[in-house]
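To start, the structure under review is shown below, and the notes come after it.
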Amino acid sequence: MMMIKLWMVTCLQLAELFVSSVVHLIYGFYIFSTAVAGDVSQKLSDYLFKSNVGGETDQSQSNVEGLPPIVLVHGIFGFGKGRLGGLSYFGGAEKKDERVLVPDLGSLTSIYDRARELFYYLKGGRVDFGEEHSEACGHSRFGRDYGKGQYPEWDEDHPIHFVGHSAGAQVIRLLQQMLADKAFEGFEETNENWVLSVTSLSGAFNGTTRTYLDGMRTDDRISMKPICLLQICRIGVIMYDWLDISWLKNYYNFGFDHFNISWKRTGVRGLVDCLVGNSGPFATGDWILPDLTIQGSTSLNSNLQTFPSTYYFSYATKRTRRMMGMTVPSGVLGIHPMLFLRVFQMSQWRFPQDVSPPYKGYRDEEWQENDGAMNTISMTHPRLPVEHPSRFIRSDSECQTLQPGIWYYKIVEADHITFIVNRERAGVQFDLIYDSIFQRCRKHVFRKIPQTLPNQSPRCPSSPR
């Protein structure tokens, strides 16, 4: 009887793995083909209809020169401007403001590596991952050269607004801590005030139980189960980077170039070492998933502060509801097909009883509300290992008088990818969210005097409203 039960459980797990793999592959192919189709269409349009872009460029440039940039930081499997052709990770939201930057960071690299890369993308120079970290994780110390950078004047007098989706929110927090700690060699003048505001969209502040469903071990934040979705992902990423097809990697890159996995450098021996787990990011744990476990996020948060001069805002998303004492998906049509199964699984999640809970006071019920990728409790504000100052709001209008050093958070009915890639899917809600974010950055968040917006006369100094 026991053997039959075990066999049935194994069959169900394999069936679930098969379905999850197929759904994710189909969605990945859909995104890739959409990007290719968009590129082909754009090139045909450019060829057939030579558009006349007149003399507005110089005027527009002069209008935005005094504005601090708003930097949109993508999440896991994400991409920035220049990748996947003309496809926008943020669904074209960057067009809503005159000065928005969308960096392309490693889509699967660790929070640490991405924070380092983000600094040099903005300030300029060759990415320096740090000698100690690079040796411990088995990769090159130096990465891509960003030349003069996208915002070389960045400093305390020229701070930046950051908006992060999913894991991008933690990248921003770690970057701000690195600035406070003066962690960039040759840039000893950095401090936390280089960051004016942080806005999180479905931010991965305290980890997610989905990492365990996808294959991370609950008793070890670095290792994966032998058969799981993440193992399939691991093999695919290793093969992609080892084959090193230049045009394909220019189109989309997982960000592991500093690990030198390419066949040109390692040969077949290097491929085998990566696949069996002797080398590479998956062997050392220097990739994104360990940072997204509850234990990994708690460890990361133990060194991160909420700073008294920075404004913080968070949109937490959920696609579940309470019904008859249970947490269940809040519908079928409103949840993306790629996420529906995970919404259900996360709403029923129970931490294994034979494993120590991830932190003292952990309760399964608190982690059951979710958006298919992140738990809602994890997205509101940093809670682990110490809860940071926060205030729940119901309407954006409550945020017109903001205090720095406090996480203002709002809970929105949406799944994890409602506000990215496909803006039509979110409908009016897409515009409401991003309009409120950009408006808050431009009108309600400043340290000295409100900035003069394009086509607006300078005003006398006033205090935030």
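Of note:
- In this structure, PHE351 does satisfy being more than 21 Å from the chain's Cα centre (by Cα), among the hydrophobic types (A, V, I, L, M, F, W, C) and assigned to a loop (DSSP other than H, G, I, E, B).
- Residues (open to solvent by 30 Å² or more (accessible area, probe 1.4 Å) and either free of Cβ contacts under 8 Å to residues at least 24 places away in the same chain or aliphatic (A, V, I, L, M) (or both)) located in region 343-354: PHE344, GLN348, ARG350, GLN353, ASP354
- Matching residues, region 311-325, being in contact (Cβ under 8 Å) with a residue 12 or more places away in the chain and either of a type in the set (A, V, I, L, M) or out of contact with any Leu (no Cβ under 7 Å at 6 or more places or on another chain) (or both): TYR312, PHE313, SER314, ALA316, THR317, LYS318, ARG319, THR320
- Filter result for the condition that a residue is at pLDDT below 95 and of a type in the set (Lys, Arg), over ARG217, ARG234, ARG221: ARG221
- Hits in region 316-333 - residues which are small (Gly, Ala, Ser), open to solvent by 30 Å² or more (accessible area, probe 1.4 Å) and under 27 Å from ALA169 (Cα atoms): SER330
- Pairs where the first residue, in region 239-266, is aromatic (Phe, Trp, Tyr) and the second is part of a helix (DSSP H, G or I) and surrounded by fewer than 16 Cβ atoms within 10 Å (Cβ to Cβ), C-beta under 7 Å, 6+ apart: TRP242/TRP263; TRP263/LEU243
- Residues (β-branched (Val, Ile, Thr), in contact with a His (Cβ under 7 Å, 6 or more places away or on another chain) and under 20 Å from PHE419 (Cα atoms)) located in region 305-357: THR317
- Residues in region 389-427 that are under 25 Å from ILE76 (Cβ atoms), modelled with pLDDT of 95 or more and crowded, with 16+ Cβ neighbours inside 10 Å: 14 in all.
- If the condition is being without any contact (Cβ under 8 Å) to a residue 40 or more places away in the chain and either aliphatic (A, V, I, L, M) or open to solvent by 70 Å² or more (accessible area, probe 1.4 Å) (or both), then region 133-159 contributes GLU135, ASP145, LYS148, GLU153, GLU156, ASP157.
- Residue within region 283-297 that is without any contact (Cβ under 8 Å) to a residue 60 or more places away in the chain, in contact with a helix residue (DSSP H, G or I) (Cβ under 7 Å, 6 or more places away or on another chain), open to solvent by 20 Å² or more (accessible area, probe 1.4 Å) and not in a loop (DSSP other than H, G, I, E, B) present: no
- When residues of region 257-270 are limited to those that are surrounded by fewer than 22 Cβ atoms within 10 Å (Cβ to Cβ) and under 15 Å from HIS139 (Cα atoms), the one nearest to the chain's Cα centre (by Cα): ASP257
- Matching residues, region 113-132, being in a helix (DSSP H, G or I) and buried (at least 19 other Cβ atoms within 10 Å of the Cβ): ASP113, ARG114, ALA115, ARG116, GLU117, LEU118, PHE119, TYR120, TYR121, LEU122, LYS123
- Within region 242-256, the set of residues being in a helix (DSSP H, G or I), surrounded by 14 or more Cβ atoms within 10 Å (Cβ to Cβ) and modelled with pLDDT of 95 or more comprises just one member, TRP242.
Results for (1) in contact with a helix residue (DSSP H, G or I) (Cβ under 9 Å, 6 or more places away or on another chain); (2) surrounded by 19 or more Cβ atoms within 10 Å (Cβ to Cβ); (3) outside any loop (DSSP other than H, G, I, E, B), shown as yes or no for each residue.
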site	(1), (2), (3)
GLN170	yes, yes, yes
MET178	yes, yes, yes
GLU189	no, no, no
ASN193	yes, no, yes
SER197	yes, yes, yes
ILE222	yes, no, no
PRO226	no, no, no
CYS233	yes, yes, yes
TYR240	yes, no, yes
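- In region 79-96 there is no residue matching the filter, namely being touching a His at 6+ places or on another chain (Cβ under 9 Å), among the acidic types (Asp, Glu), open to solvent by less than 70 Å² (accessible area, probe 1.4 Å) and at pLDDT 95 or above.
- Hits in region 365-388 (condition: open to solvent by 30 Å² or more (accessible area, probe 1.4 Å) and of a type in the set (D, E, K, R)): GLU365, GLU366, GLU369, ARG383, GLU387
- Residue match in region 281-296 (condition: more than 25 Å from GLY236 (Cβ to Cβ) and not β-branched (Val, Ile, Thr)): yes
- Members of region 382-439 that are aliphatic (A, V, I, L, M) and in a loop (DSSP other than H, G, I, E, B): LEU384, VAL386, ILE393, LEU402, ILE406, ALA414, ILE417, ILE420, VAL421
The values are calculated or read from the model by the stated rules, or taken from the named source; none is laboratory data. Worth saying up front: this structure is predicted, and the values here are computed from it rather than measured. Note that each Cβ is placed from the backbone with ideal geometry, even for glycine, and that neighbours are counted across all protein chains shown. Ligands, DNA and RNA are excluded from the accessible area calculation, which covers all protein heavy atoms including side chains. Shrake-Rupley method; radii C 1.70, N 1.55, O 1.52, S 1.80 Å.
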